[in-house]
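The values are calculated or read from the model by the stated rules, or taken from the named source; none is laboratory data. Since the model is a prediction, treat every value here as computed from it, not as a measurement. Cβ placement follows ideal geometry from the backbone for every residue including glycine, while neighbour counts extend to all protein chains displayed. Accessible surface areas use protein heavy atoms only, side chains included; no ligands, DNA or RNA. Shrake-Rupley method; radii C 1.70, N 1.55, O 1.52, S 1.80 Å.
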Amino acid sequence: MLNTMDSLVLIIDIQEKLMGMLNQGIKEQMLSKAPKLAKAANILGVNTLVTEQYPQGLGSTIDEIKNELKEYHPMEKTGFSALLEPGYAETIKSLGKKQIIICGIEAHICVYQTAAKLLEEGYEVFVLKDLCASRNKVEFECAMDLLKSLGAKITCLEIVLFEWLKTAKNPHFKEIQGLIK
């Protein structure tokens, strides 16, 4: 089970131009749910890291996420796995978290390769299926299947939020519940 003390949120490449390549329904889902994840993490004190793949060409992280982050210090990358960037694996390790909640674009490239490397490094990886996207549905489903076969837990935003809360007596329950109503 997830808990806030051991959790780290990793938002992979939810950038302007990548969002523009998604079909409208998936784009709307990402625009609706991604800010909720960032806000809930802030409320509950869960560290959040953000990556941006070649931001000069793909733009920055969407404003809907940036506006909900306590701090916005994206890690620029050109490698598909965030852990290929110098110092990034060390940054994650330095936070001392063993549960990584990962989401982003494209599920079959950067999310997949980052999650696979995190699993290889011994982390418990939770992939937010409802907060991951690819331009093509077949590639998206292939990524989810592969990640599951590697040992990632395929989950969704509400499951994560309520696992973090544990009980309706959590002092942040009403605030988190308000995000999903």
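When 60, 94, 32, 81 are checked against the criterion of being in contact with a Lys or Arg (Cβ under 7 Å, 6 or more places away or on another chain) and of a type outside the set (A, V, I, L, M, F, W, C), a single residue qualifies: 81. Of all the criteria given as (1) touching a residue at least 60 places away in the same chain (Cβ under 8 Å); (2) open to solvent by 10 Å² or more (accessible area, probe 1.4 Å); (3) over 12 Å from the mean Cα position of the chain (by Cα), the one not satisfied by residue 106 is (3). Whether any residue in region 149-156 is more than 19 Å from residue 38 (Cβ to Cβ), touching an Asp or Glu at 6+ places or on another chain (Cβ under 6 Å) and not in a helix (DSSP H, G or I) is what I want to check. Within region 149-156, not a single residue is more than 19 Å from residue 38 (Cβ to Cβ), touching an Asp or Glu at 6+ places or on another chain (Cβ under 6 Å) and not in a helix (DSSP H, G or I).
Candidates 138, 127, 111: the one that is in contact with a Gly (Cβ under 8 Å, 6 or more places away or on another chain) and modelled with pLDDT of 95 or more is 111. Is it fair to say residue 70 is in contact with a helix residue (DSSP H, G or I) (Cβ under 7 Å, 6 or more places away or on another chain), open to solvent by 60 Å² or more (accessible area, probe 1.4 Å) and over 29 Å from residue 120 (Cβ atoms)? Yes: the conditions hold for residue 70. Restricting region 157-181 to residues that are more than 18 Å from residue 124 (Cβ to Cβ) and open to solvent by 80 Å² or more (accessible area, probe 1.4 Å), the residue that is nearest to the chain's Cα centre (by Cα) is 158.
Of 71, 52, which residue is within 28 Å of residue 5 (Cα to Cα), among the charged types (D, E, K, R) and in contact with a strand residue (DSSP E or B) (Cβ under 7 Å, 6 or more places away or on another chain)?
52
Go over the candidates 5, 30, 19 one by one and state the one that is over 25 Å from residue 181 (Cβ atoms), at pLDDT 95 or above and assigned to a helix (DSSP H, G or I). Within the list 5, 30, 19, the selection yields 5. All of 93, 98, 70, 33 fail the test of being out of contact with any Phe, Trp or Tyr (no Cβ under 8 Å at 6 or more places or on another chain), touching a residue at least 60 places away in the same chain (Cβ under 8 Å) and not aliphatic (A, V, I, L, M), apart from 33.
Sub-8 Å Cβ pairs linking a first residue in region 145-169 that is touching a residue at least 60 places away in the same chain (Cβ under 8 Å) to a second residue that is open to solvent by 90 Å² or more (accessible area, probe 1.4 Å) and assigned to a loop (DSSP other than H, G, I, E, B), at least 6 apart or interchain, are 163/1, ordered by first then second residue.
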